[in-house]
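Here's the structure we're looking at; comments come further down.
The values are calculated or read from the model by the stated rules, or taken from the named source; none is laboratory data. Everything quoted here is computed from the prediction, not taken from an experiment. Ideal geometry is used to build each Cβ from the backbone, glycine not excepted, and the neighbour counts take in all protein chains shown.
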Amino acid sequence: MEIHLDLKRTPFSLDHTLSCGQTFRWEKQGDWWVGVVGDTVTKIQQYEDVLVIEVSSKQDGEDFVWRYFRLGDDLLNVYREIMKDRHVVESVNRFHGLRLVRQEPWECLISYLCATNKSIPAIRQMVANLCRRFGERIWFKGEEFFGFPKPDVLAKANLHELRLCGLGYRTEWIRETSRFLGEGHFSLEALKDMQYETAKKELMKLPGVGPKVADCVLLFSLDKLEAFPIDVWMKRVVLGYYSTHFKPEFVAKVQAKKGLSTSEYTIIYAFGRAYFGDSLGYAQEYLYHNKRCASGV
């Protein structure tokens with residue numbers, strides 16, 4: 001299947017989108033990006049304005065691509081909203097066409113619980129281990145893949161089995177969160193209809209979910225473009241590029257320590273919302289990716 005894009009109206013770069021660290025189950029194999037979304041294997045490549053797609057299920061590949069890669073987002077308007085200084089302009093020019101992806105919320109939640117205090121390669125390994133051990137096997141074009149494990153499967157797993165996936169202290173968070181969802185005590189889909197702040201408070205009721213994990217789930221799977229995940233890279237971005245927007249004593253205090261308290265996170269978020277507006281989630285991803293790449297990571 002092929003999809004032809006008008007890149008002047010719908011900018012899109014598959015490479016930038018899938019290499020920017022927002023999702024963990026895609027790999028570049030030659031010209032193809034290969035990934036598993038839920039229980040569907042997808043192979044996709046881009047030649048200028050043409051996307052070539054192969055999927056393992058009977059779902060509509062074109063519909064999947066438009067939905068998953070958020071091709072309906074008016075990226076040109078997003079650029080107009082967020083390109084307020086040379087740092088964002090540089091990031092957008094370097095990674096033009098990078099789009100946020102719309103992940104499956106359950107997979108996104110568990111992936112970002114794994115991401116706590118871990119590098120992207122380590123996160124990818126933990127997620128791959130979970131899928132290999134607890135996911136359903138999928139065969140596609142003679143290759144073996146694994147779907148993402150369902151909540152009830154992880155809820156029934158014993159701690160030893162989960163620890164074998166390299167989860168460390170995240171093990172109990174993941175099992176307890178799986179129980180919440182597997183037993184029907186929590187609905188991720190219901191969060192889509194809530195205001196950002198309300199949805200964030202609900203997410204943070206789950207084991208191990210702090211402000212950063214909540215913002216990642218809201219931004220990358222629940223259509224809350226006003227989310228602004230603040231990790232170590234974004235802390236460096238904000239304090240390095242935008243320090244004049246904060247009191248000097250606040251900057252000194254935050255620079256002197258590794259993490260952020262909830263109140264400090266809230267202060268930085270408030271700046272981002274006021275400065276970048278409703279599309280600050282896009283500003284975050286461009287600045288984040290540019291900073292990591294500039295640092296050689």
Original post:
Only one of (1) farther than 22 Å from LEU225 by Cβ; (2) in contact with a Ser or Thr (Cβ under 6 Å, 6 or more places away or on another chain); (3) surrounded by 20 or more Cβ atoms within 10 Å (Cβ to Cβ) is not met by PHE24, so which one is it?
Top reply: (1)
Original post:
If you check every pair at least six apart or on different chains, which have Cβ atoms under 7 Å apart with a residue in segment 117-136 that is in contact (Cβ under 8 Å) with a residue 40 or more places away in the chain and closer than 18 Å to VAL209 by Cα first and a residue that is of a type in the set (Phe, Trp, Tyr) and surrounded by 14 or more Cβ atoms within 10 Å (Cβ to Cβ) second?
Top reply: ILE123/PHE24; VAL127/PHE24
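Any idea which of VAL101, VAL41, VAL65, VAL52 is under 27 Å from GLU189 (Cβ atoms) and in a strand (DSSP E or B)? Spell out how you get there, then give the answer.
Working: VAL101 fails: in a strand (DSSP E or B); VAL65 fails: in a strand (DSSP E or B); VAL52 fails: under 27 Å from GLU189 (Cβ atoms).
Going through VAL101, VAL41, VAL65, VAL52 in turn, the sole match is VAL41.
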Subject >> Test for GLY208: is it touching an Asp or Glu at 6+ places or on another chain (Cβ under 9 Å) and assigned to a loop (DSSP other than H, G, I, E, B) >> reply: yes
Original post:
Of the residues that make up segment 275-289, is at least one modelled with pLDDT of 95 or more and more than 17 Å from ARG99 (Cβ to Cβ)?
Top reply: yes
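Within segment 111-118, is even one residue in a helix (DSSP H, G or I), farther than 23 Å from GLU27 by Cβ and at pLDDT below 95? It would help to see each step written out before you state the result.
Applying the first criterion (in a helix (DSSP H, G or I)) to segment 111-118 yields 111-114.
Then drop every residue that is not farther than 23 Å from GLU27 by Cβ, which leaves none.
No: zero hits.
Could you tell me which of the residues LEU98, LEU130 is closer than 22 Å to ASP15 by Cβ, modelled with pLDDT of 95 or more and either of a type in the set (A, V, I, L, M) or out of contact with any helix residue (DSSP H, G or I) (no Cβ under 7 Å at 6 or more places or on another chain) (or both)?
Working: LEU130 fails: closer than 22 Å to ASP15 by Cβ.
Result of the check over LEU98, LEU130: LEU98.
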Original post:
Do we have ASP231 as under 16 Å from ILE268 (Cβ atoms), surrounded by 18 or more Cβ atoms within 10 Å (Cβ to Cβ), charged (D, E, K, R) and at pLDDT 95 or above here?
Top reply: no
Original post:
Restricting attention to segment 163-191, which residues are assigned to a loop (DSSP other than H, G, I, E, B) and under 20 Å from the mean Cα position of the chain (by Cα)?
Top reply: LEU167, SER187, LEU188
Subject >> Test result for GLY166, at positive phi, loosely packed, with under 14 Cβ neighbours inside 10 Å and of a type outside the set (A, V, I, L, M) >> reply: no
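What number of residues within segment 1-38 are assigned to a strand (DSSP E or B) and touching a helix residue (DSSP H, G or I) at 6+ places or on another chain (Cβ under 6 Å)?
Quick first cut of segment 1-38, residues assigned to a strand (DSSP E or B) only: 2-4, 26-29, 32-37.
Cutting the leftovers down to touching a helix residue (DSSP H, G or I) at 6+ places or on another chain (Cβ under 6 Å) gives us 3, 26, 33.
Within segment 1-38, residues that are assigned to a strand (DSSP E or B) and touching a helix residue (DSSP H, G or I) at 6+ places or on another chain (Cβ under 6 Å) number 3.
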Subject >> Qualifying positions in segment 78-95 - touching a helix residue (DSSP H, G or I) at 6+ places or on another chain (Cβ under 8 Å) and outside any loop (DSSP other than H, G, I, E, B) >> reply: VAL78, TYR79, GLU81, ILE82, HIS87, VAL88, GLU90, SER91, VAL92, ARG94
Original post:
Restricting attention to segment 244-266, which residues are surrounded by 15 or more Cβ atoms within 10 Å (Cβ to Cβ) and either within 24 Å of the chain's Cα centre (by Cα) or of a type in the set (S, T, N, Q) (or both)?
Top reply: LEU260, GLU264, TYR265
Original post:
What pairs can you find where one residue is in segment 14-38 and farther than 14 Å from SER111 by Cβ, the other is of a type in the set (Val, Ile, Thr) and crowded, with 16+ Cβ neighbours inside 10 Å, and their Cβ atoms are less than 6 Å apart, with a gap of 6+ or different chains?
Top reply: GLU27/VAL34; TRP33/ILE44
Original post:
Given the conditions (1) under 29 Å from ALA199 (Cβ atoms); (2) outside any loop (DSSP other than H, G, I, E, B), which single one is not true for LEU71?
Top reply: (2)
Subject >> Filter result (under 16 Å from SER221 (Cα atoms) and hydroxyl-bearing (Ser, Thr, Tyr)) within segment 9-33 >> reply: THR17, THR23
Subject >> Flag if GLU90 is among the charged types (D, E, K, R) and over 27 Å from GLY277 (Cα atoms) >> reply: no
Original post:
Looking at segment 27-49, which of the residues that are aliphatic (A, V, I, L, M) and out of contact with any Lys or Arg (no Cβ under 8 Å at 6 or more places or on another chain) is surrounded by the fewest Cβ atoms within 10 Å (Cβ to Cβ)?
Top reply: VAL41
